[in-house]
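Nothing in this text is a laboratory measurement; each read-out follows from the coordinates by a stated rule. No experiment lies behind these values; they were computed from the predicted model shown. Because the Cβ atoms are built from the backbone with ideal geometry, glycine has one as well, and the counts that use them run over all protein chains shown.
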Amino acid sequence: MEEPILISTTFERQEHAEELANSLLKRRLVACAQIQGPIKSMYWWKDSIAESVEFVLTVKTFGELYSEVEATVLAEHPYDVPEIIAEPIVHVSAGYLAWMQGEIRG
């Protein structure tokens, strides 16, 4: 496992974020999940500007597992079009990276 990444998605309810976090952790697809919020989101939806209160779920994993994480999010997320954004982790301490490698299957 080489490329550590962060993947984030948003939820209307904190409970949904917790359920997906638990699902990803139990499958050993991610080493860590963090939930932040509430936040206010504003976006285009069905030809008008919408806004909602949401919770952000951010998980730490590796690039090679992105497809499996994405498939799990798509299967379990309540939104029609969930946000799924991955970002590279440019720098990470050696100890934390080793911990991640030990906690994620691969």
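Overview of values
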{"quantity": "Difference of contour (0.36 nm per residue) and Cα-Cα distance, Gln101 to Asn22", "calculated": "26.6 nm"}
{"quantity": "FRET efficiency estimate (nearest 0.05) - Cβ-Cβ, His91 to Glu15, R0 22 angstrom", "calculated": "0.10"}
{"quantity": "Relative contact order [Cα under 8 Å, 6+ residues apart], region 4-103, whole percent", "calculated": "40"}
{"quantity": "Rounded, prolate or oblate (a/c below 1.5 giving rounded, otherwise prolate when a/b exceeds b/c) for the chain by Cα gyration tensor", "calculated": "prolate"}
{"quantity": "Helical contribution to [θ] at 222 nm, DSSP H n ≥ 4, -39,500 (n - 2.57), averaged over the chain, rounded to 500", "calculated": "-10000 deg cm²/dmol"}
{"quantity": "Net charge dipole size for region 4-103 [Lys, Arg +1 and Asp, Glu -1 on Cβ; Debye, nearest 20]", "calculated": "300"}
